[in-house]
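A quick write-up on the structure given underneath.
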Amino acid sequence: MTDSLDSLIAIVPARGGSKRLPRKNVRLLLGKPLISYSIAAGLNCPLVKSVFVSTEDAEIADVSRSAGASVIERPVGLASDAASSRDVVLHALDMLEKQGRYPQHFVLLQPTSPLRTQRHLADCIKLFSAKQFASALSVCEVEHHPAKYLTVDETGCLAPYERASDLGRPVQALGKVYRQNGAIYLMGSDDFRRRAEGFFLEPAMPFMMSQEDSIDIDTPLDLQLAEIVLSHRPQHLS
C-alpha cells in the first residue's frame, strides 16, 4: 500500500433530520443504533486510520462517540434537505486540515448501509490501492433492468423508457447494469476538492456487492428487511 493510503480515514455523514424514517440514524437495529454499524465497519478495518462522524445533532454525536468515532460538528446550514453530501465532506476535510489531520484519501460510509462490513472495506481499499483509479464506488446489479421501464408521455400514454424492442427481450440478453448502493465511496482528498462534483471521479473502479449486502435504510420496511438479514448473521450481533 502506498504512503498516501496509509492516512486513509472514514467519514460518516449523519444529520438529525430525515423525512421518510424519522431519526433513522439512531434507530435501533437489533438493539444497536443504525449508525453504529458503519462506525464499527470503519474502526474494525485495519486499513482505515480513523472514523469521523459529521453531524449537527447532539444525540447522534453522543452515540457516535460511544461507538468509538470522533465527531466533526457540522453547521446547521449543512444539515438541511438542500445540503449536498459533497458540501458536507468538503466541510469535514476543511475541519480536519485545521486540526492537522488532513487525510490524503477518505472513504465515505453512509450510515444507512448496515450490511457493509470491514471485510468489504478492506477488499475495496486493497483493490483500489493496486490499480490506477481516481475513485472507487460500491455497486450492485440492478434489481430491475432499466430497459424494462416505462414512462408516461405528454399525451398520457405509456412509452418505453428506452426502446420498445427491449420490452419483450429476455433480461439475460440485455447485458448487466449496476447501480450505486451508497455503501462505499473512496477517493483522494485533493482530487475531491479540486475536480469532483460528487463522488464519481473517472476513471472509477467498481466494487461489486450483493443485492443483499446493499440494503439501504430509507423506510420502515428497509429496516425490517435488514433485521431479518442480520439476524441470520451472528458476526453482526457482537
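Of everything listed in (1) closer than 18 Å to Ser84 by Cα; (2) under 15 Å from the mean Cα position of the chain (by Cα), the single unmet condition for Ile217 is (1).
Keeping to segment 1-36, report how many residues are part of a helix (DSSP H, G or I) and under 26 Å from Gln99 (Cβ atoms). Don't jump to the end; show me each part of the working.
Filtering segment 1-36 for residues part of a helix (DSSP H, G or I) gives 3-6, 24-26, 34-36.
Retained after the next criterion (residues that are under 26 Å from Gln99 (Cβ atoms)): 3-6, 25-26, 35-36.
Residues in segment 1-36 being part of a helix (DSSP H, G or I) and under 26 Å from Gln99 (Cβ atoms): 8 in total.
Count of segment 127-162 residues, restricted to those that are part of a helix (DSSP H, G or I) and surrounded by fewer than 13 Cβ atoms within 10 Å (Cβ to Cβ), is 2. In the condition set (1) touching a residue at least 12 places away in the same chain (Cβ under 8 Å); (2) in contact with a strand residue (DSSP E or B) (Cβ under 7 Å, 6 or more places away or on another chain), Leu158 is compliant with all but (1). In segment 68-85, the residues that are over 24 Å from Lys32 (Cβ atoms) form Cβ pairs under 8 Å with partners that are hydrophobic (A, V, I, L, M, F, W, C) and surrounded by 14 or more Cβ atoms within 10 Å (Cβ to Cβ), at six or more places apart or across chains, as follows: Gly77/Ala83; Leu78/Val88.
Would you mind finding the one in Leu34, Leu8, Leu28 that is modelled with pLDDT of 95 or more, of a type in the set (A, V, I, L, M), over 23 Å from Leu121 (Cβ atoms) and assigned by TED's automatic domain parsing to the domain that holds Gly188? So that I can check it myself, show each step before the final result.
Working: Leu34 fails: over 23 Å from Leu121 (Cβ atoms); Leu8 fails: over 23 Å from Leu121 (Cβ atoms).
On inspection, the qualifying residue turns out to be Leu28.
Take segment 193-207 and flag every residue that is farther than 16 Å from Pro13 by Cα, touching a helix residue (DSSP H, G or I) at 6+ places or on another chain (Cβ under 9 Å) and not acidic (Asp, Glu). Spell out the reasoning first.
Keep residues of segment 193-207 that are farther than 16 Å from Pro13 by Cα, which gives 193-197, 200-207.
Add one more test, that the residue is touching a helix residue (DSSP H, G or I) at 6+ places or on another chain (Cβ under 9 Å), and what stays is 193, 196-197, 201, 205, 207.
Once the filter is applied, which keeps residues that are farther than 16 Å from Pro13 by Cα, touching a helix residue (DSSP H, G or I) at 6+ places or on another chain (Cβ under 9 Å) and not acidic (Asp, Glu), segment 193-207 yields Arg193, Ala196, Leu201, Met205, Phe207.
Let's see how each residue does on (1) among the small types (Gly, Ala, Ser); (2) within 30 Å of Ser113 (Cα to Cα); (3) not assigned by TED's automatic domain parsing to the domain that holds Leu121:
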| position | (1), (2), (3) |
| --- | --- |
| Lys148 | no, yes, yes |
| Thr155 | no, no, yes |
| Tyr161 | no, yes, yes |
| Ser165 | yes, no, yes |
| Val171 | no, yes, yes |
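Listed by first and then second residue, the pairs with beta-carbon distance under 7 Å, at least 6 apart or on different chains, first residue in segment 133-152 and within 17 Å of Asp166 (Cβ to Cβ) and free of Cβ contacts under 8 Å to residues at least 60 places away in the same chain, second assigned to a strand (DSSP E or B) and not small (Gly, Ala, Ser), are Val142/Tyr178; Val142/Arg179; Leu150/Leu158; Leu150/Pro160. Residue count for segment 65-82 satisfying the condition of being among the hydroxyl-bearing types (Ser, Thr, Tyr) and either assigned to a strand (DSSP E or B) or closer than 13 Å to Met95 by Cα (or both): 1.
Looking at segment 175-231, which of the residues that are without any contact (Cβ under 8 Å) to a residue 40 or more places away in the chain and surrounded by 14 or more Cβ atoms within 10 Å (Cβ to Cβ) is farthest from Ala136 (Cα to Cα)? Walk me through it before giving the result.
Initial filter on segment 175-231 (without any contact (Cβ under 8 Å) to a residue 40 or more places away in the chain): 175-178, 194-195, 221, 224-225, 228.
Next, only the ones that are surrounded by 14 or more Cβ atoms within 10 Å (Cβ to Cβ) stay: 178, 225.
Working: Tyr178: 14, Leu225: 27 Å.
If we take residues in segment 175-231 being without any contact (Cβ under 8 Å) to a residue 40 or more places away in the chain and surrounded by 14 or more Cβ atoms within 10 Å (Cβ to Cβ), then Leu225 is farthest from Ala136 (Cα to Cα).
Answer yes or no: is there a residue in segment 48-64 that is in a helix (DSSP H, G or I), without any contact (Cβ under 8 Å) to a residue 40 or more places away in the chain and within 25 Å of Gln224 (Cβ to Cβ). Checked segment 48-64: at least one residue is in a helix (DSSP H, G or I), without any contact (Cβ under 8 Å) to a residue 40 or more places away in the chain and within 25 Å of Gln224 (Cβ to Cβ). The combined condition, being farther than 24 Å from Asp218 by Cβ, at pLDDT 95 or above and crowded, with 20+ Cβ neighbours inside 10 Å, is not fulfilled by Val89.
The values are calculated or read from the model by the stated rules, or taken from the named source; none is laboratory data. Predicted model, so just to flag it, every value in this text is computed and none were measured. Glycine gets a Cβ as well: all are built from the backbone with ideal geometry, and neighbour counts include every protein chain shown.
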